[in-house]
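Accompanying notes for the structure given below.
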Amino acid sequence: MTLTALNLRLLGLGLLTSLCSLQAQAEIEIQWWHSMTAVNNEWVNDLAKNFNATQKDYKIVPVYKGAYDESMTAAVAAYRAGNAPAILQVFEVGTATMMASKGVVMPVGQIMKDAGYKFDPSVYVPAVAGYYTAPNGQMLSFPFNSSTTVFYFNKDAFKAAGISTDKAPATWPEVALAAAKLKANGHKCPLTIAWQGWTQLESFSSWHNVELATQGNGMRGLNTRLVSNTPLHVRHIENLGNMAKQGLFVYKGRANSAEGSFVSGECAMITTSSGFYGNVAKNAKFGFGVSTLPYYPDVPGAPQNTVIGGASLWVLSGKKPEEYKGVAAFFNYLSNAQVQSESHKRTGYLPITLEAYKLTEASGFYKDHPGTDTAVNQMIRKTTDKSRGIRLGNYVQIRSIEDEELEQVWAGKLSAKEALDNIVQRGNVLLERFEKANSAKP
Amino acid sequence: MSSEKRVVFRATWLPWLLIAPQAAVVAVFFFWPAGQALLQSLQQSDAFGTSVEWVGLENFQHLWNDASYWASFQTTAVFSVLVAGLGLSISLCLAYFADRVVRGTSIYRTLLIWPYAVAPAVAGVVWLFLFSPSIGVVAYGLHHIGFEWDSLLNSHHAMALIVMAAVWKQLSYNFLFFLAGFQSIPKSLIEAAAIDGAGPWRRFWTIQFPLLSPTSFFLLITNITYAFFDTFGIVDAATKGGPGKDTAIMVYKVYFDGFKAMDLGGSAAQSVVLMAIVIVLTVVQFRFVEKKVNY
């Protein structure tokens, strides 16, 4: 008796679940793996929710899969096992790896065209679009959250040291002068640096319109090699090394770990990502200013433009055609200038299209929040072959080589020239390996 | 031989059946991955594994030519000796006193066993917070007594930091074994020595320590293996191998190249080298150190 009852109940349950799945089948679910935390996680969820509300055919499901490097590793494992998501957010450092993985990636331009949407790469900010475009002119991934390197300073600390805050120090000599004044006033940490490789070598290069690596910093091909040991690079790292010796620049660790020391007021100046704005605006208990990355005024062509950071959305292969239609519809929604402008204002990431920038400007946002247009102004310029972006294979390892060697300069163990030569020599071994591993394909 | 008790199975399949579960576990979790690592160390592939190329010993050749890889041998040696040496002596000391404690034994022991439940990465973060030059409580205290702690740029400080975290993490495990070892020593031996006039120091060195030698030997091997294999989480959380490469021990490089940089061939080659080193070390320990062990 009880057994039959149980069977009946199980049968009922089975029927119920199949009914549910029938209902779900009407709506195609599209997995979107991302790495956005805290306020930015809410932003991503809102984008998906708003898109899902606009139509009934597709459902975007955002899934947080850990930090950028973790979600990429997870996607690699999932792809090998055959359960990759349709959309994957990949940081700029992973761009070359994704581009080289032919057959794994579906070009965004192609997906949009197949689904019948108009897709015009020229509406994007050139430095952004150029970065995600293959040497053959095809746009491979969808620009999503782009940031760049900027300079922040503590206005209260500047005032206390008797430095004018009307204009931020724009050049490196001015930064050194301000640092010396801050130190004379008893400041323990006048300048610190986050993302040292990105801000002081990569962005530094394009800001001065010099190459970090050959072949347009790897944008034109895999046979790129590092050349970041020019006299200009040596001069800059030497200057920073001297500032470290004099206590004008205090090293606070790799990646963005220095950011905390700016927010707490311990350090008075910092170079880091434009995406740091939200954090400072919310948590700093002092007046602060955002300005352009410092440069050397005697270098011809400087300042040019800074390099892109952040991430873009990649579409992975092996899904059903309907899913790709849904992806295209979602990207079409994200391309809307209004949506982009809202995202820009909310997160501090760059407005990715020129129209979104104009819309934001017209809304008076930049006037109400001075400094928020710094990143845009640094990026919106016409790029050169040397400044379009930096796209290197094995970039994650090269970044950590940059960290390792620069630390030796800050510690006074290596000269600037020795450290930069090491970066070039060690980095090139990795670039050769990457070229070899990825050009073997048909 | 004749005095040894030998059990003979009548059916030939029975012994095989009985060891089958154990053999299966070893095969699936040890031999299979090790075999995979060996295969991958001879390949070079892109991140997604769409193109795999057999490159022979090229991955090993790269390691051979990489000066920083050779430097990591020395770093690893220093780290392992410190972790095993400090870990064993501190926990031996703690176990010796815990063995003599009369009241509150269980509380004392429970507290000492706690750290074992902490994941390596968490241990790294905890110690990083204590010793972070900007925000660390200990770093702040050291600054006030005139010691400038800087684990970000001073390699000795950075090494001290990961050694402390790694030793702390393994202390409970060592403590448990040493404590059990102490308790298995017959009280009569120690009492007899005491009656003969041997003080605690003498009793420890002439009776307890020699009788603990099997435990110490076992722990020496597990601690060396721990320092070689299980500590990448601590390094990743506390120093990321810095400053420079001064705390980049071999297993951290395996982890970084394989899981962060997705260079599977290079990472596999490194794990093969690491595996070979640990096999050799263990053989050496069994050959030479074990001779001094009294069972």
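The values are calculated or read from the model by the stated rules, or taken from the named source; none is laboratory data. Treat the numbers as computed from the prediction; the structure is a model and nothing was measured. Reconstructed Cβ throughout: ideal geometry from the backbone, glycine too, with neighbour counts over all protein chains shown.
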Those residues of segment A:394-415 which are under 19 Å from A:Thr97 (Cβ atoms) and outside any helix (DSSP H, G or I), in sequence order
A:Asn394
Can you tell which of A:Lys245, A:Lys282 is of a type in the set (D, E, K, R), more than 14 Å from every other protein chain (Cβ to nearest Cβ), surrounded by fewer than 19 Cβ atoms within 10 Å (Cβ to Cβ) and farther than 30 Å from B:Asp46 by Cβ?
A:Lys282
Residues located in segment A:210-268, provided they are within 21 Å of A:Tyr152 (Cβ to Cβ) and without any contact (Cβ under 8 Å) to a residue 40 or more places away in the chain:
A:Gly253, A:Gly260, A:Val263, A:Ser264
What pairs come out if I take residues in segment A:89-114 that are crowded, with 22+ Cβ neighbours inside 10 Å and pair them with residues that are of a type in the set (D, E, K, R) and part of a helix (DSSP H, G or I) whose C-beta lies under 7 Å away, six or more apart or interchain?
A:Val93/A:Arg399
Taking B:Ser91 as the residue in question, decide whether it is assigned to a helix (DSSP H, G or I), at pLDDT 85 or above and of a type outside the set (A, V, I, L, M, F, W, C).
yes
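Just checking, how many residues over segment A:241-259 are out of contact with any Asp or Glu (no Cβ under 8 Å at 6 or more places or on another chain) and under 20 Å from A:Tyr68 (Cα atoms)? Working first, answer last.
Pass one, segment A:241-259, residues out of contact with any Asp or Glu (no Cβ under 8 Å at 6 or more places or on another chain): A:241-250, A:252-253, A:255-259.
Add one more test, that the residue is under 20 Å from A:Tyr68 (Cα atoms), and what stays is A:253, A:255-259.
So the count comes out to 6.
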Here is a list: B:Gly258, B:Gly266, B:Gly242, B:Gly233. Which entry is within 14 Å of chain A (Cβ to nearest Cβ), assigned to a helix (DSSP H, G or I) and more than 30 Å from B:Ser51 (Cβ to Cβ)?
B:Gly233
Taking segment A:349-373, which residues are in contact (Cβ under 8 Å) with a residue 24 or more places away in the chain, surrounded by fewer than 23 Cβ atoms within 10 Å (Cβ to Cβ) and among the β-branched types (Val, Ile, Thr)?
A:Thr372
Under the condition of being part of a loop (DSSP other than H, G, I, E, B) and farther than 25 Å from A:Ser146 by Cα, which residue from segment A:50-82 is farthest from the other protein chains (Cβ to nearest Cβ)?
A:Lys56
Restricting to segment B:31-57, count the residues that are at pLDDT 85 or above and touching a strand residue (DSSP E or B) at 6+ places or on another chain (Cβ under 7 Å).
4
What number of residues within segment A:388-430 satisfy the criterion of being more than 17 Å from A:Asn229 (Cα to Cα) and more than 12 Å from every other protein chain (Cβ to nearest Cβ)?
3
Taking segment B:252-277 as the search range and keeping residues that are among the β-branched types (Val, Ile, Thr) and in contact (Cβ under 8 Å) with a residue 24 or more places away in the chain, which one is farthest from B:Pro33 (Cα to Cα)?
B:Ile277
Kindly list the number of the only condition in (1) touching a residue at least 60 places away in the same chain (Cβ under 8 Å); (2) surrounded by fewer than 24 Cβ atoms within 10 Å (Cβ to Cβ); (3) within 11 Å of chain B (Cβ to nearest Cβ); (4) out of contact with any helix residue (DSSP H, G or I) (no Cβ under 8 Å at 6 or more places or on another chain) that fails for A:Asn377.
(3)
Restricting attention to segment A:254-277, which residues are more than 9 Å from chain B (Cβ to nearest Cβ), closer than 21 Å to B:Ala237 by Cβ and surrounded by fewer than 20 Cβ atoms within 10 Å (Cβ to Cβ)?
A:Asn256
Pairs under 6 Å by beta carbon, first residue closer than 22 Å to A:Ala96 by Cβ in segment B:29-49, partner assigned to a loop (DSSP other than H, G, I, E, B) and modelled with pLDDT under 90, six or more apart or different chains?
B:Gln44/B:Val55; B:Asp46/A:Ser101; B:Ala47/B:Met262; B:Phe48/A:Ser101
Among the hydroxyl-bearing types (Ser, Thr, Tyr), surrounded by 11 or more Cβ atoms within 10 Å (Cβ to Cβ) and more than 14 Å from every other protein chain (Cβ to nearest Cβ), is that true of B:Tyr69?
no
Single residue of A:Tyr324, A:Tyr296, A:Tyr251 found to be surrounded by 16 or more Cβ atoms within 10 Å (Cβ to Cβ), under 19 Å from A:Trp172 (Cα atoms), among the hydroxyl-bearing types (Ser, Thr, Tyr) and away from every other protein chain (no Cβ under 14 Å):
A:Tyr296
When residues of segment B:245-255 are limited to those that are in a helix (DSSP H, G or I) and within 14 Å of chain A (Cβ to nearest Cβ), the one nearest to B:Tyr69 (Cα to Cα):
B:Lys253
Of the conditions (1) more than 19 Å from A:Ala127 (Cα to Cα); (2) free of Cβ contacts under 8 Å to residues at least 40 places away in the same chain, A:Ala419 satisfies every one except a single condition; which number is it?
(2)
Looking only at residues that are charged (D, E, K, R) and over 18 Å from A:Val90 (Cβ atoms) in segment B:38-58, which one is nearest to the other protein chains (Cβ to nearest Cβ)?
B:Glu53
Which listed residue, of A:Ala96, A:Ala86, is modelled with pLDDT of 90 or more and either closer than 30 Å to A:Thr224 by Cα or within 22 Å of the chain's Cα centre (by Cα) (or both)
A:Ala86
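Yes/no matrix, rows are residues, columns are (1) farther than 16 Å from B:Ser80 by Cβ; (2) touching a Phe, Trp or Tyr at 6+ places or on another chain (Cβ under 7 Å):
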site	(1), (2)
B:Val254	no, no
B:Gly265	yes, no
B:Leu274	no, yes
B:Lys291	yes, no
With the requirement that a residue be β-branched (Val, Ile, Thr) and within 13 Å of another protein chain (Cβ to nearest Cβ), what does segment B:112-143 give you?
B:Val125, B:Ile135
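Surrounded by fewer than 13 Cβ atoms within 10 Å (Cβ to Cβ) and either at pLDDT below 85 or not basic (Lys, Arg) (or both): is that true of A:Gln23 in this structure? Outline the logic, then answer.
Details: surrounded by fewer than 13 Cβ atoms within 10 Å (Cβ to Cβ): yes; either at pLDDT below 85 or not basic (Lys, Arg) (or both): yes.
For A:Gln23, the condition - surrounded by fewer than 13 Cβ atoms within 10 Å (Cβ to Cβ) and either at pLDDT below 85 or not basic (Lys, Arg) (or both) - is met.
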Across segment A:83-110, what is the total count of residues that are within 14 Å of another protein chain (Cβ to nearest Cβ), small (Gly, Ala, Ser) and assigned to a helix (DSSP H, G or I)?
3
Kindly evaluate A:Ile423 against the criterion of being assigned by TED's automatic domain parsing to the domain that holds A:Thr271 and either β-branched (Val, Ile, Thr) or at positive phi (or both).
yes
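Tell me, which helices (runs of 4 or more DSSP H) lie completely within segment A:312-389 with 1 or more residues that are closer than 22 Å to A:Thr199 by Cβ?
Of the helices (runs of 4 or more DSSP H) lying wholly inside segment A:312-389, those with at least 1 residues that are closer than 22 Å to A:Thr199 by Cβ span A:337-347, A:374-379.
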Going through (1) surrounded by fewer than 19 Cβ atoms within 10 Å (Cβ to Cβ); (2) at pLDDT 90 or above; (3) within 14 Å of chain B (Cβ to nearest Cβ) one by one, A:Lys441 fails only at (2)
Those helices (runs of 4 or more DSSP H) completely within segment B:1-70 that have 1 or more residues that are over 30 Å from A:Met72 (Cβ atoms) and within 28 Å of the chain's Cα centre (by Cα) are B:13-26
